[in-house]
Amino acid sequence: MTATDDLIMIAYDGSDNADRAIDWAGRIWAGRGAVVVTAWETALHQTARMSGMQPMFGTAVDSETDQLLRIEAGTLNDRGVERAAGCGLTARGHLVEVTGTVWGALIDVADEIEADVLVTGTRGATGLRALMRSSVAEQVLKHCSRPVLVVPARCTGPATPVT
């Protein structure tokens, strides 16, 4: 595999921090292939996660709402792909439905597509907020068996492209 064959996976949720992660990936790996991955959750899964409970089997699912959530995720993902292409990456999009955790879904996709590196931003939460909720980036770092580039929220300086 040559350097130009490297496959970069970028986790994208539409946040400023995700945009920053794309920008850095483009600065470092311009010209390489990238898969911009957006994880999305069904309405039932979101409700269960927010309440701290597991989804119950047999619960009626509002498929219309789920379809709208998937469309919204697709639109968001398209925006990430467009940004990645604008940063010099050869980008394509990928949606993944979260059935467990967001970080687990992202790691599964990285393994599935055999990504050479997984790029993610951070929320930049500090203090009590950071203690109350572990970040996706933190869990990806702990559990991923592939190299991970975490672009911190405070990271604003220029990156040097790899040649």
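The values are calculated or read from the model by the stated rules, or taken from the named source; none is laboratory data. Only a predicted model underlies this, so the values are computations on that prediction, with no experimental measurement involved. Ideal geometry is used to build each Cβ from the backbone, glycine not excepted, and the neighbour counts take in all protein chains shown. Just the protein is used for accessible areas: all its heavy atoms, side chains included, with ligands, DNA and RNA removed. Shrake-Rupley method; radii C 1.70, N 1.55, O 1.52, S 1.80 Å.
Please work out how much accessible surface residue 78 shows to a 1.4 Å probe, ignoring ligands, DNA and RNA, in Å² rounded to 10.
Per-residue accessible area (residue 78): approximately 100 Å².
On a 1.4 Å probe surface of the protein chains, which of 79, 20, 32 comes out largest in accessible area, and what is the full order?
Most to least solvent-accessible, the answer reads 79, 20, 32.
Could you order peptides 100-108, 137-145 by the average number of other Cβ atoms within 10 Å of their residues, highest first?
Per-residue mean Cβ counts within 10 Å order the peptides as 100-108, 137-145.
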